[in-house]
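The values are calculated or read from the model by the stated rules, or taken from the named source; none is laboratory data. Model, not experiment: these values are computed from the prediction. For neighbour counting, all protein chains shown are included, and Cβ atoms are generated from backbone atoms with ideal geometry for every residue, glycine included. Accessible surface areas use protein heavy atoms only, side chains included; no ligands, DNA or RNA. Shrake-Rupley method; radii C 1.70, N 1.55, O 1.52, S 1.80 Å.
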Amino acid sequence: MSIKYHLMLALCCTAMLFPVHSYSQEPNTNESEKLQKLKQNLNISAPEEKVSILNQIGWEYRNSNLRLSLQYFDESTHLARINNDDKGLAEALNMKGVTYRKLGNYNKAIDLFFESLKISEKLKDTTQVAYAFNNMGEVYTYQLNHSSSEEYIKKALALFKKIKDKKGIAYCYLRLAENFESQNNLRQALKHFLLCAEIRKELQDKRGLAVVYGSIGNIYLKLQQTGKAKEYIQKALKFYPENDKSGIAQSNTTIARIYQQLGQLEEAETYAQKGLDLALEFNSKKITLEASLLLSEILEKQGRIKDAFELQKQVLLYKDDLFAEEANNSINNLRAGYESEKQTIEIENYQRIQKIQQKENKLKTRLLYVSITALVLIIVFMGLLYRNYRHNKKITRQTEEQKEEILGIAENLKKANKEISRKTKIIERKNKDLTSSINYAQRIQQAMLPSAKILENTLPEHFVLFQPKDIVSGDFYWVTEKKYKTIVAVADCTGHGIPGAFMSLIGNDLLNEIVLGRNITEPDKILSELRRLIRIVLRQEETGNHDGMDITICTFDKFPEGYEDLLGTPQLEFAGAENPLYYFINGKFNEIRGSKAMIGGFNVLEREHGFKKYSISLEKTQLPLTFYLFSDGYQDQFGEKGKFMKRRFKDLLTQIHQEDMNKQKQILAQTISEWTGEHAQMDDMLVLGVRIS
């Protein structure tokens, strides 16, 4: 018995920690006709159709093979990006986030949902915006952030109702019900599950009905209504497709819990074993743990204490493996956010300690009961001592053996608790070392940026608002003088945190080489040479690497007084990659958009696209002229009222552009702080303003 469970849990740990990344395009007899037809169409479709087909295949695999699902979504997102298929990309990111949520990587899932939301809002795709909100709400439920969960799900529900999307409305009712269930508000949970079931019945959505019937059965089980619980779970099993291992595993586990409550332990053990087998096959962390713990409880009630204890030890080892995996993912994925990962680790540590304490309390209760029983027996035996001496001796020996066994279990639990504490300290030490390394990287990056003295000498009237999201930033600014020309650049590199900081170092070095080393001072030519060198440095044509940056460059002439007749009228020249230039002349707002050409990334269609240069005369009648270069971080910040957006940013600059430059910086900083409130900063923020008098 124990060998079987040990083997299965070991296999599950191996599958979770070392996933297989290959997959075959050959037909599989276990696949549905729909999947086989989609795969046949994949090789004969145009690129824009391929993205949609890959998304459908990945979605079909989400309940039967998470690794295959992820691989198809990786391919569809890559294809959508190189073909500029924003609609297909937004859909792929939403679906890919659901797969990461099923794998238990909630930070990665949230990142993907926010990226999909950003693209969908740009496209005004209400359906994908609503799905992104609903998916974020579901993840917040898993993270026990109930207020944020309800907020985002209700946003999604309002949008689905607006476009009369019944399928989406049903999804929202399902997620609201799960949020209420997580708060143990079972009546509200049941109400919303039934609303969801009513719509899915109308839509004849069999798989969707299976999911919601299973959830309703689970609610009735918690309400101690085992008859109704069993009825709904059996309905769910009837509707699940054969290849839906996740749903069938969950239903079998719930039926096992029903039989456990009814005291039918053999049936309970059978269904719990079925649920565990399917969960192991599907690599579902959540269901594997739930089924294993339930099976352990059933074995304990059957009096098979040793088997139950052995299974509990394997569950603890498995949970330690998962904890180590999540810690490694946190260290390797700084983009997900150091503070969020640290909070996740603390919550998991707290939950693990709570479970150990619960076990210890149960053990103490057992010891108390045994002690009371022994005391009662001793009092009774004293009256019958002469007649029942031999019998009393036998009972006393059995009692001592039980006590020794229980004390042994307590000692093992104590050792397990000590080991958990040791691992927690190791991770805290690693987190501390990591923070020190990032702080050192921050000092290097700050040394790279122009100093306050250089800025004052080069740009007499200016301000720089620079607020990284993390300790180090993917945004940077660069300033230099060449002859009578001042050159200013503001760049937004791919990503933020450590990855973005690496790109900013590369960008800074290449700008020094291009302008100071090769004497190239025209902004459009600087951008062309920067794109060429980044592709060479990152070997993008060979590796398929698509990292790069959005960047704007301004140059303006500063002729010595009296030289205008000789050198001509001073000019301000601008060229941009994706990002624009905002400037004000005589109180009037003007905008020059950057070229739609990438810096970094390899795309055959864009290889020859150049960057357009714009010139503005700096005649005395045009002065003073105030211009602004910036990344998209400021306008993309979220608050209680949503995203700040370009329109508000333009209106704010129009209101303050005539103020002193330092006061402008203070107003910008205060405005965005009030807007975001308690919301976390979404991206690095960089705004550079210059006034030419």
Practice task
Enumerate the lysines that Lys415 could reach by cross-link, defined here as Cα to Cα under 18 Å, with residues fewer than 8 away along the same chain left out.
Solution key: Lys306, Lys313, Lys319, Lys355, Lys359, Lys362, Lys364, Lys423, Lys425
Fill in the blank from the handout: The answer for the range 245-296, accessible area per residue at 1.4 Å probe in Å², is 33 Å²
Handout entry: Reach of Lys301 by Cα under 19 Å, taken over aspartates and glutamates that are not fewer than 8 positions away in the same chain
Key = Glu266, Glu267, Glu269, Glu290, Glu310, Glu360, Glu405
Fill in the blank from the handout: In whole Å, largest first, the alpha carbons of the range 636-681 cover along the principal axes 30, 19, 12
Practice task
For the range 441-563, report the accessible area per residue in Å² (1.4 Å probe, heavy atoms, rounded to an integer).
Solution key: 44 Å²
Practice task
Please calculate how many Å² of accessible area the range 591-693 carries per residue, with a 1.4 Å probe and no DNA, RNA or ligand atoms counted.
Solution key: 52 Å²
Practice task
Let me know the volume per residue of the alpha-carbon convex hull for the range 41-183, in Å³.
Solution key: 107 Å³
Problem - Whichever lysines have a C-alpha closer than 20 Å to that of Lys482, once near sequence neighbours (fewer than 8 apart) are set aside - result: Lys453, Lys525, Lys558, Lys613
Exercise for the section: Any chance you could list the semi-axes, whole Å, largest first, of the equivalent ellipsoid that the Cα gyration tensor gives for the range 481-535, using √(5λ)? Expected result: 22, 12, 9
Fill in the blank from the handout: Computed over the chain, the relative contact order (Cα-Cα under 8 Å, seq sep at least six) in percent reads 8 percent
Practice task
Kindly count the pairs of lysines across the range 37-124 whose alpha carbons are less than 20 Å apart, treating pairs on different chains or eight or more residues apart as eligible.
Solution key: 13
Fill in the blank from the handout: Taking a ≥ b ≥ c as the square roots of the Cα gyration tensor eigenvalues, with a/c under 1.5 meaning rounded and otherwise prolate when a/b beats b/c or oblate if not, the range 199-316 comes out oblate
Practice task
Compute, for His609, the solvent-accessible surface of its heavy atoms (probe 1.4 Å) with the complete set of protein chains present, and express it in square angstrom to the nearest 10.
Solution key: 90 Å²
Problem - Rounded percent of accessible protein surface that carbon and sulfur make up, the chain, 1.4 Å probe - result: 51 percent
Practice task
Could you pull the accessible area for Glu513 with a 1.4 Å probe, rounded to 10 Å²?
Solution key: 80 Å²
Problem - Filtered chymotrypsin sites (Phe, Trp or Tyr not before Pro), the range 506-601: DSSP coil and at most 15 other beta carbons within 10 Å - result: Tyr563
Handout entry: Gyration tensor (Cα) of the chain, equivalent ellipsoid semi-axes in angstrom
Key = 61, 30, 23
Fill in the blank from the handout: Counting only DSSP loop positions in the range 610-693, the trypsin sites (Lys or Arg not before Pro) whose Cβ has at most 11 other Cβ atoms within 10 Å are Lys641
Handout entry: trypsin sites (Lys or Arg not before Pro) restricted to the range 381-481 and DSSP loop, no more than 16 other C-beta within 10 Å
Key = Arg387
Practice task
Would you tell me the accessible area of Lys191, worked out with a 1.4 angstrom probe on the heavy atoms of the protein chains, in Å² to the nearest 10?
Solution key: 110 Å²
Practice task
Express the C-alpha Rg of the range 103-215 as a ratio against the empirical globular expectation 2.2 N^0.38 Å, rounded to two decimals.
Solution key: 1.03
Completion exercise
Among Thr77, Leu629, Ile551, the residue whose Cα sits farthest towards the positive end of the charge dipole of the chain (+1 at Cβ of Lys and Arg, -1 at Cβ of Asp and Glu, taken about the Cα centre) is Thr77
Exercise for the section: Determine the calculated [θ] at 222 nm for the chain from helices alone, applying -39500 (n - 2.57) to every DSSP H run no shorter than 4 residues and normalising by the residue count; nearest 500 deg cm²/dmol. Expected result: -22000 deg cm²/dmol
